Amino acid sequence: MSITKNVGTVDRAIRAVAGIALIGLAFTGTIGVWGWIGIVPLATAAMSWCPAYTLFGMKTCG
C-alpha cells in the first residue's frame, strides 16, 4: 500500500501549529492528558497524509 499525499501546505501548517499547541498545553498541565492527542495532527502534518481524508475521499493538496 502506498501513501499518496492528501494534505496541502496550508492544511499542514494548521495541523502542525494545532498539534504543537495541544502538546504544549498538555506538557504544562493546562489541559491535562488529553492534550497529547496533538500528536495525531502533528504526525499527519509530517507525513502529508491523513487517513480520515483517505476514508472520505478528501484532498487539500493540488
Legend entry - Base-10 log of normalised Debye intensity for the chain (one unit scatterer per alpha-carbon) at q = 0.16, 0.20, 0.26 Å⁻¹: -0.52, -0.71, -0.96
Inset, instruction - Any chance you could run the full-extension gain for W49 through A13? It's 0.36 nm times the residue separation minus the Cα-Cα distance, nm to one decimal. - result: 11.7 nm
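Net charge near S48: determine it from the other residues with C-beta under 12 Å of the C-beta of S48, scoring Lys and Arg +1 and Asp and Glu -1. Please list the in-between numbers first.
Numbers: positive: K5, R12, R15, K59; negative: D11.
Net local charge, S48 excluded: +3.
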Inset, instruction - Any chance you could give the angle, 0 to 90 degrees and rounded to 10, that helix 9-28 forms with the longest Cα principal axis of the chain? - result: 20 degrees
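To the nearest 500 deg cm²/dmol, what mean residue ellipticity at 222 nm is calculated for the chain from DSSP H runs of n ≥ 4 alone, each contributing -39,500 (n - 2.57), summed and divided by the residues? Before the final figure, lay out the partial values.
On the way: 3 runs with 35 residues, N = 62.
About -17500 deg cm²/dmol.
No value in this document is a laboratory result; all are computed from the given coordinates. Keep in mind that what you see is a predicted model, and the values were worked out from it rather than measured. Neighbour counts are summed over all protein chains in view; Cβ atoms, including those assigned to glycine, are modelled from backbone coordinates with ideal geometry.
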